[in-house]
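Please read the structure below before turning to the comments.
Coordinate-derived values only; no laboratory data. None of the values given here were measured: they were computed from a predicted structure. Please note: Cβ atoms are built from the backbone with ideal geometry, for glycine as well, and neighbour counts cover all protein chains shown.
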């Protein structure tokens with residue numbers, strides 16, 4: 001069996017992850033539900049040393065969600081174009097899986113927030129991706145998720161090919177049962193390269 005290496009700690013319990021993050025005597029004092037996503041539960045953790053952390057939780061069988069999300073966040077961070085939360089650990093504990101990260105208090109948005117976000121996204125999309133994709137320019141080292149659905153990241157030579165094959169076509173395939181087959185076939189034909 002092939003051993004998979006992750007560029008972040010993978011823990012066998014949440015307590016292990018918290019101790020790794022803050023030290024041996026640190027415990028979780030309380031948690032507060034954070035709203036926003038629909039694929040995972042999310043909480044603000046208040047720790048005994050006064051620090052805070054953000055945790056996303058799902059069933060144990062979905063641990064891969066978090067390992068791939070952590071890889072993606074680390075890849076974004078490596079471009080130095082946008083601020084992302086620090087990954088403390090991912091892991092499983094009983095019947096749950098989790099991703100433990102830095103808590104970033106969103107507070108009030110600055111007057112130039114959207115402009116700064118747009119500039120950051122533009123820089124991100126112009127960043128060197130040679131560390132994420134072998135030979136080809138568009139894609140990623142592993143598949144990941146969009147919500148609860150698998151997102152294919154097979155490397156392609158052009159952005160258009162990647163977007164059509166790995167983003168649009170899978171979404172149209174998922175939509176087949178909701179829309180007229182003629183509309184789906186017409187859409188698929190339009191994006192065929």
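Peptides 98-104, 76-82 ordered by packing proxy, namely the average of other Cβ atoms within 10 Å per residue, highest first: 98-104, 76-82.
Any chance you could give the angle, 0 to 90 degrees and rounded to 10, that helix 113-126 forms with the longest Cα principal axis of the chain? That works out to roughly 60 degrees.
For the chain, the relative contact order works out to 16 percent when only alpha carbon pairs closer than 8 Å and six or more residues apart are counted. Helix 181-191 axis versus longest C-alpha principal axis of the chain: approximately 90°, rounded to the nearest ten. Measure nothing but the geometry: give the 0 to 90° angle between the long axis through the Cα atoms of 63-78 and the longest principal axis through the Cα atoms of the chain, rounded to 10°. Roughly 80 degrees, rounded to the nearest 10.
For 74, 109, the sequence from fewest to most other C-beta atoms within 10 Å is 109, 74.
Within the set (1) 176; (2) 142; (3) 111, the number that volume of the Cα convex hull per residue in Å³ takes when calculated for this structure is listed as (1).
With kT/(6 pi eta Rh) evaluated at 10 °C and eta = 1.306 mPa s, and Rh the Kirkwood radius from Cα pairs, the stretch 74-145 diffuses with a coefficient of 107 µm²/s according to Stokes-Einstein. Take the Cα of residue 28, step 7 Å toward its Cβ, do the same at residue 192, and the gap between the two points is 5.0 nm.
Sort the stretch 31-98 into rounded, prolate or oblate with this rule: let a ≥ b ≥ c be the square roots of the eigenvalues of the Cα gyration tensor; rounded if a/c is under 1.5, and if a/c is not under 1.5, prolate when a/b is larger than b/c, oblate otherwise. It comes out oblate by the Cα gyration axes.
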